[in-house]
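The values are calculated or read from the model by the stated rules, or taken from the named source; none is laboratory data. Since we're looking at a predicted model, the values are computed, not measured. Because the Cβ atoms are built from the backbone with ideal geometry, glycine has one as well, and the counts that use them run over all protein chains shown.
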Amino acid sequence: MNDWTTPEDIRKRIQREWDNGRILAAMQGEEAVFPLRIPLKRPDSKALAEQFEAARLWIAALSAMDKEQAGSGCRLEWQEFAHRQLGRNRIPVAAIVESEKDGLGLIGTQSDADRFRELTATVADAFPALVPWMRQYPLKVLDQAENWPRLLAVLDWVVRHPGANIYLRQIDASGVDTKFIEQHRGLLGDLLDRVLLPERIDERYSGAKNFEQRYGFKRKPLQVRFRFLDRKLSLHGLSDIAVTSEVFVQMALPIKRVFVTENEINFLSFPDVADGLILFGGGYGFEHLSQADWLRQKEIFYWGDIDTDGFAILDQFRSQFPSARSLVMDRATLLEHRMFWGNEDRPASRQLERLNAEESALYDDLRFDRIAPSLRLEQERIGFAWIKAELARAGLK
């Protein structure tokens, strides 16, 4: 076997220039790719003598790509040499792809390049501000070839409707449905950032998940689900209630204690507590509760998994509610339920600043695997009797 450059190697070299977008970018005025000189790995004098037939076939294969002989392809650069056994001869030392047409022909992408030119002309005509973006991301332009009519329709509609303050569902652009917009939020965000006036963009928000807020659309209202733990507090006989966060922050409910849990079954089965209420949490997302100032006047308890992620969520929860106390997230609970231990998939490792001394000690033991590797005790595995006993010990019954 040898490592001499083959016609396929030459095509792969050109294909890399296509795959990294340089050929397409050059079509829009960026740095030219062609002419492209590709040095060839070739047989040395010893190999020419010992593998003469293989070398002859290698030269023949490359010669088939030589424009001077084949009429298309690349131009071979030759070097003459004098060999003790073979006499005077010549060998190709480089392949020169002289033009874009030659390069595209070698890798079979001429039709894609033609399509790219059509697309960039259409997009630039509709929104000249997108020209720099297309130069930076030429492959994205081509990847979205079938979607550009709808993408441009969305951009046009948004530009022409400042301050609409509507849901995405209400965008009435030709050929566009809500699912299309939701599936292309990231791309549409990149494009809208370049075609909208600065005052149309709320820089406090970024990323596809905040698409609505960034560009002035209404977002589906966040729901807060809560359950009264004291029957006398039920509203018209209802104890399990869900309202929008805007309504919840204004409710100022007549309670003394609030519990937060991440598990729905724990939420539903939590024991009765006088003047108590339990909230069904949402992982790391507590911003929607931050404006409920009346909550800060209550006793607040957070109940999460005993693992590094559970303590990280507790830490974040305290960024909104600093006085919150943890519930059954302690070493005694962990050791009592040894038979229910599991493993955490992606343990946290960062330092947490809002844990008390006992919580920090247990968190450190978990993140440094001092008790067991990637240890986790899920909250729903804690015995119901244990929860009731803990509430009683804390005087919360």
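When we screen Leu352, Leu327, Leu314, Leu362 for residues that are in contact with a Gly (Cβ under 8 Å, 6 or more places away or on another chain), in contact (Cβ under 8 Å) with a residue 12 or more places away in the chain, closer than 29 Å to Gly395 by Cα and not β-branched (Val, Ile, Thr), the only hit is Leu314. With respect to Asp143, is the statement that it is without any contact (Cβ under 8 Å) to a residue 12 or more places away in the chain, among the charged types (D, E, K, R) and more than 30 Å from Leu279 (Cα to Cα) true? So Asp143 fits the description; yes.
Where helices (runs of 4 or more DSSP H) fall wholly inside region 9-77, the ranges with 3 or more residues that are surrounded by fewer than 17 Cβ atoms within 10 Å (Cβ to Cβ), without any contact (Cβ under 8 Å) to a residue 12 or more places away in the chain and in the same structural domain as Gly105 (by TED's automatic domain parsing) are 52-63, 67-70.
You will find that of Arg318, Arg296, the residue that is more than 32 Å from the chain's Cα centre (by Cα), basic (Lys, Arg) and either surrounded by 21 or more Cβ atoms within 10 Å (Cβ to Cβ) or assigned to a helix (DSSP H, G or I) (or both) is Arg296 and no other.
If you go through region 299-315 and keep only what is of a type outside the set (D, E, K, R) and not in a loop (DSSP other than H, G, I, E, B), you end up with Ile300, Phe301, Tyr302, Trp303, Ile306, Thr308, Gly310, Phe311, Ala312, Ile313, Leu314. Reported count of residues in region 220-243, each being of a type outside the set (Val, Ile, Thr) and touching a residue at least 24 places away in the same chain (Cβ under 8 Å), is 12. The residues in region 152-174 that are within 15 Å of Lys218 (Cα to Cα) and of a type in the set (Gly, Ala, Ser) can be counted, and the count is 2.
Every residue, every condition in (1) outside the structural domain of Leu151 (by TED's automatic domain parsing); (2) loosely packed, with under 15 Cβ neighbours inside 10 Å; (3) more than 30 Å from the chain's Cα centre (by Cα), yes or no:
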{"site": "Gln183", "(1), (2), (3)": "no, yes, no"}
{"site": "Ile201", "(1), (2), (3)": "no, no, no"}
{"site": "Ile241", "(1), (2), (3)": "yes, no, yes"}
{"site": "Glu262", "(1), (2), (3)": "yes, no, no"}
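Select from region 346-356 the residues that are over 17 Å from Leu327 (Cβ atoms) and of a type in the set (A, V, I, L, M, F, W, C) and write down the one among them that is modelled with the highest pLDDT. Restricting to residues being over 17 Å from Leu327 (Cβ atoms) and of a type in the set (A, V, I, L, M, F, W, C), the top hit is Leu352. Asp172 falls short of the stated requirement of being surrounded by 13 or more Cβ atoms within 10 Å (Cβ to Cβ) and closer than 17 Å to His161 by Cα.
Residue by residue, here is whether (1) touching a helix residue (DSSP H, G or I) at 6+ places or on another chain (Cβ under 9 Å); (2) at pLDDT below 90 holds:
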site: Pro7; (1), (2): yes, no
site: Gln15; (1), (2): yes, no
site: Ile23; (1), (2): yes, no
site: Gly29; (1), (2): yes, yes
site: Arg37; (1), (2): no, no
site: Leu40; (1), (2): yes, no
site: Glu53; (1), (2): no, yes
site: Glu98; (1), (2): yes, no
site: Leu104; (1), (2): yes, no
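In region 334-389, the qualifying residues are those that are among the aromatic types (Phe, Trp, Tyr), out of contact with any strand residue (DSSP E or B) (no Cβ under 7 Å at 6 or more places or on another chain) and outside any loop (DSSP other than H, G, I, E, B), and the one that is surrounded by the fewest Cβ atoms within 10 Å (Cβ to Cβ) is Phe384.
Restricting region 104-128 to residues that are within 18 Å of Asn147 (Cβ to Cβ) and among the hydroxyl-bearing types (Ser, Thr, Tyr) leaves a set whose member that is surrounded by the most Cβ atoms within 10 Å (Cβ to Cβ) is Thr120.
Here is the figure for region 163-183: residues that are in a loop (DSSP other than H, G, I, E, B), free of Cβ contacts under 8 Å to residues at least 40 places away in the same chain and closer than 18 Å to Ala208 by Cβ total 3.
Against the test of being of a type in the set (Lys, Arg), under 23 Å from Ala394 (Cα atoms) and surrounded by 12 or more Cβ atoms within 10 Å (Cβ to Cβ), the options Lys256, Lys232 yield a single qualifying residue, Lys256.
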